[in-house]
Structures are given as structure tokens and as C-alpha cells.
1. Residue by residue through region 229-264, note down the ones that are aliphatic (A, V, I, L, M), more than 30 Å from residue 16 (Cα to Cα) and crowded, with 17+ Cβ neighbours inside 10 Å.
2. Please give the number of the condition residue 164 fails out of (1) surrounded by fewer than 21 Cβ atoms within 10 Å (Cβ to Cβ); (2) touching a residue at least 24 places away in the same chain (Cβ under 8 Å); (3) not hydroxyl-bearing (Ser, Thr, Tyr).
3. Considering only residues that are in contact (Cβ under 8 Å) with a residue 60 or more places away in the chain, within 16 Å of residue 193 (Cα to Cα) and of a type outside the set (S, T, N, Q), which ones fall in region 88-147?
4. Where residues in region 75-122 are modelled with pLDDT under 95, of a type in the set (Val, Ile, Thr) and assigned to a helix (DSSP H, G or I), which of them is farthest from residue 143 (Cα to Cα)?
5. Answer yes or no: is there a residue in region 152-172 that is touching a Leu at 6+ places or on another chain (Cβ under 7 Å) and more than 23 Å from residue 100 (Cα to Cα).
6. So which residues in region 1-40 are out of contact with any helix residue (DSSP H, G or I) (no Cβ under 9 Å at 6 or more places or on another chain) and either surrounded by 16 or more Cβ atoms within 10 Å (Cβ to Cβ) or assigned to a loop (DSSP other than H, G, I, E, B) (or both)?
7. Under 7 Å between Cβ atoms, which residue pairs at least 6 apart in sequence (or on different chains) link something in region 221-248 that is more than 21 Å from residue 129 (Cα to Cα) with a partner that is of a type in the set (S, T, N, Q) and part of a loop (DSSP other than H, G, I, E, B)?
8. Do you know which residues across region 189-216 are hydroxyl-bearing (Ser, Thr, Tyr) and crowded, with 24+ Cβ neighbours inside 10 Å?
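The values are calculated or read from the model by the stated rules, or taken from the named source; none is laboratory data. Values in this document were obtained by computation on a predicted structure and should not be read as measured data. Note that we place each Cβ from the backbone using ideal geometry, even for glycine, and neighbour counts take in every protein chain shown.
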Amino acid sequence: MNAKNIEKIQERLEIATRKWWFYLLFVLMQLIPSFTSKGYDPSKMGEIIGIILQNAIVSSLEALYPIFKIIPIILVALIVLRRRGGSRWFNIYVGTSYVLFAFLQHVAITEEYGLSIVLSNLIMLIVVAAFWFWDVFAQKNDFVPVEQPRWKHLVIISLAFLAFWYPLNPYTFTPDFNPIYIFTNVAGLTFCMMTPVYLAILILHYPRINMATLRVTGLAGIIIAFYNILLNFLMYPELLWWNGVLHIPLLMTSGSALSLKKRI
């Protein structure tokens, strides 16, 4: 694919991701029913989604958690140090991450329902992954330092770090600021905790970024943040209030991403 064709596709993506119907498509995507190999009563749709998320494949991969904490730290360091190829490797890793989030967080195998998939979220995250992989070719994410207000650096970095740390006791769901979680917990393999990190990188390098990728990632973030705010603060506030607090970075960084306009 030559440079002219790449630029033409990029322009179309940027135009499409500004249209009202593109946002509507993402909202309508949420109506796609979940799949289970043993079937289920459609009236139990919400219950099925909860069962799948609670029993998702990611919960059985504890041995891999540190790997997906250390790699992002290395990639962010490469960006900060302005190493050649840092942005391309970052794009590849983030795209791969969203593919993993799609399948590891939204697929489960249970005795009652068999193979079960939250198809709406899985499809949405595959779309997000495709936009990140696209920038490997488009190369719009140019992570050269951009002058930003200091308060913006402080707020965005703090939100991203809190999400990446994810200081929550996995058994009691209460605050637990054990520093070992920075390197060992499940956050590195979760959409809700890593998306604030990825969006923070884009926001802090705006406008030298791929705006289409920023918008799509922010849109998915807003949708899933809404579900989590509803679950943590309105449905189970006594148990999950702190988990709700830890999803605020997703809400804020996603909202910030969608508020940015294309600027030369």
C-alpha cells in the first residue's frame, strides 16, 4: 500500500469518526446478544453477561499478569526516551492488547452455559484494535514531546497511574495500596485499567496523534465506563464503591479524548 492510498484511507477514517452515525453504530452494537453454546433465557441477558465477566478466561492466567505489567512500562519508557521505533511498537502492543481484552475478558466456559461470549464488547474491542494496528501503517502517532500545561500532565498522568496500579484487594474489593500491584495484578490484561494509560499517551502528545484512533478508543471507553459506573455505584455500591472509584480514570480520559478536536 503506497503512501497516497494510506493518506486517503486515513482522511476517510477521520471524517467517518466525526459523524453522528458512527457513534450511533457503537451504541447499537451494545444490542448484540451474548452467545452461549447451551443457550439461555433471553430475559436473563444481564445475568449472563455478569456470569461471563466473572468467569472470564483472564481470571485463570495469573502467571501472565506480571508480563503484561512490565511490557507497558518498557514501552512507555521507550516513548519518554524518544527511542526510534517506540511509537510503532507501542501501536502494535496496544492493538494486540485490545485483541486480548476482547477474548480474555469476554469469553468464559462454564458448566451451566458452556462456551459463553459477550459478543457486543468483543466486537467493539476488535474494532478498536484494528484502528491501533492501522496506525502501524499510517504512522500518525508521532510521540515527540508537545508543550502542554503542567496541570494537564499532572492530572492525566495521575489518572493513568492510578488505573495501572489498580490498588484494590481482589478478595474484599477494598482499597489496598500495596506497591507490588504495580507489577503483579490483573490490570495489565484489562480494558478498563489499560485504556486510561493508552489514552494518556495520546492526549499528552496531541495533536501529533492519530485522531481516528483516539476517538474510537475514547468512544469504547465511555461506553464501558458507563456500564461500570452503573454497576459499581448504583447497583452494588456497598461492595464495589472502590472499584467504581478506580474506573473514574477510564471515564475522565475517555471523555477528554472525545473532547479533542483535530488541530494542525
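1. 231, 240, 246, listed by residue number.
2. It fails just one condition, (1).
3. 94, 98, 100, 101, 104, 125, 128
4. Only one residue fits best here, namely 76.
5. Looking through region 152-172, at least one residue is touching a Leu at 6+ places or on another chain (Cβ under 7 Å) and more than 23 Å from residue 100 (Cα to Cα).
6. 2, 19, 37, 38, 39
7. Pairs that qualify, where the first residue is more than 21 Å from residue 129 (Cα to Cα) and the partner is of a type in the set (S, T, N, Q) and part of a loop (DSSP other than H, G, I, E, B), are 242/174.
8. 195, 198, 213
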